[in-house]
Amino acid sequence: ADADAPPATESNALRTPIVAVLGHVDHGKTTLLDKIRGSAVSEGEAGAITQHIGATAVPLETVSQMAGSLVKPEDFDLPGLLFIDTPGHHSFSTLRSRGGALADIAIVVVDVNDGFQPQTLEALDILKRTGTPFVVAANKIDTTPGWNPQDGSPIQGSYESQSDSARGRLDENLYEIIGNLSDEGFSADLYWRVQNFQKNVGVVPLSAMTGEGIPDLLAVLMGLSQRYMKEEMEIDISGPGAGTVLEVKEERGFGATVDVVLYDGSVREDDTIVVGGVNGPIVTEVRALLQPRPNAEIRTEKRFDKVDEVRAAAGIKIAAPDLDDAMAGAPIRVVRDRSEEDVIDDVTSELAEIEVDTADEG
Ligand code: GDP
């Protein structure tokens, strides 16, 4: 790498927003992700979703099929949504990107009957601190006494087909959640009453079990991203990649590997990369970029497929020498046509920030 290298070719594109799911234990984070993945797959199209390492990509086309009239593909130019698969605020708080949270947007799952719990409050604190926009999924509405489930339907239709008493009970729980949000300093309302999602938090009543309200959740996520985050989603997709390490894992035949969420640029086989480690930056070279094999092929010996290049946003496993000391939550950067020293400096200063934050949390 030298200063005379030609500039990267112009290849600006919009990437998928990265979505994280947070909330109190047992409030339904895993069920919600499974439902979104499952109903996307049962839409039947090949390529309905793409399973990445640590994440699931749902293309706009599929989001639109799942959301029906609530998401018209012609209204959007963002390519879809990338859901980080590992739910929980512990992972969220360690997952940073340059200057903020790795996730562009979050879903806070709250059990409508159980209401706010300690981990709900912790999640909101983290989102406040990182300035991450979020929506609240008021989950498990199907457990409302007398509820008449409407599988997979948008919430307003489902709500209207309930008895007065079921509706009344749900309303009570929803208003309690809205009140609790207000106590935490967030002005919130049922999502269809929210005009400005930058100022107000939208609450989406749904059931991760029956799927009712999930079309609405997807519509709010797409709408919010398209309206308020489009500029941040503009990246040079063939530029040097930037990402965050989710996990460091030993893999048979590969040694230590890192699972990474890439939020900018691209990574290619043979790229020189700089990865944050427990003893400072590690400079190494990509040996293999690995994606999980589709389930149908899992019986074959190999669990991964090799790919030549990955573009943001994506989850990817990177095999490279010397990754044993790599650190979850640390930055990873592709050097490409830049000076290696500059990239090492960047990674060093980001590592220092992570340490300051960790110290703050006690
Ligand atoms: P997590 O700890 O937040 O990931 O919660 P899980 O997704 O594991 O859900 C906890 C329990 O609640 C499981 O038994 C789920 O089947 C159940 N659950 C989750 N969502 C719903 C829902 O919408 N309706 C009902 N009835 N049960 C749900």
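The values are calculated or read from the model by the stated rules, or taken from the named source; none is laboratory data. Source: prediction; values computed, not measured. As a convention, Cβ positions derive from the backbone with ideal geometry for all residues, glycine included, and neighbour counts pool all protein chains shown. The accessibility values were calculated without ligands, DNA or RNA, using every heavy atom of the protein model including side chains. Shrake-Rupley method; radii C 1.70, N 1.55, O 1.52, S 1.80 Å.
Quick notes on this one:
- Segment residue 234-residue 129, length gained on full extension (0.36 nm per residue, minus Cα span): 35.4 nm
- Dmax and Rg, reported as Rg then Dmax, of the chain (C-alpha, Å): 21.0, 72
- Each label was represented as a point 7 Å from its Cα along the Cα-to-Cβ direction; for residue 98 and residue 192 these points are 4.1 nm apart.
- DSSP beta bridge pairing in segment 34-169, given as percent antiparallel to the nearest 5: 60 percent
- Average accessible surface area per residue within segment 108-184, 1.4 Å rolling probe, Å²: 45 Å²
- For segment 222-362, the percent of C-alpha pairs falling in each 10 Å distance bin, counted from 0 to the bin holding the largest distance, reads 12, 39, 32, 15, 2.
- Listed residue pairs exceeding 32 Å between alpha carbons, taken from 140/302; 72/199; 128/302: 140/302; 128/302
- Antiparallel %, DSSP beta bridges [both residues in the chain], to 5: 70 percent
- A crude spin-label estimate for the pair residue 143 and residue 113, with each label 7 Å from Cα along the Cβ direction, gives 0.5 nm.
- A straight Cα-to-Cα reach below 26 Å connects residue 306 with the lysines 249, 317, residues fewer than 8 places away in its own chain not being considered.
- Computed [θ] at 222 nm, deg cm²/dmol, the chain (DSSP H ≥ 4; -39,500 (n - 2.57); rounded to nearest 500): -9000 deg cm²/dmol
- Label sites at residue 324 and residue 349, each approximated as a point 7 angstrom past Cα along Cα to Cβ, lie 3.2 nm apart.
- Difference of contour (0.36 nm per residue) and Cα-Cα distance, residue 270 to residue 163: 32.3 nm
- Heavy-atom accessible surface of segment 222-362, averaged per residue, reaches 49 Å², computed with a 1.4 Å probe.
- The accessible surface of the chain, taken with every protein chain in place and a 1.4 Å probe, is 46 percent carbon and sulfur.
- Charged side chains reduced to their Cβ positions (Lys and Arg at +1, Asp and Glu at -1) give the chain a dipole of some 1000 debye around its Cα centre.
- Euclidean distance between Cα centres, segment 93-148 to segment 174-203, Å: 12 Å
- Rounded to the nearest 10 degrees, the angle from helix 340-360 to the longest Cα principal axis of the chain is 40 degrees.
- Against the main long axis of the alpha-carbon atoms of the chain, helix 164-183 sits at an angle near 50°.
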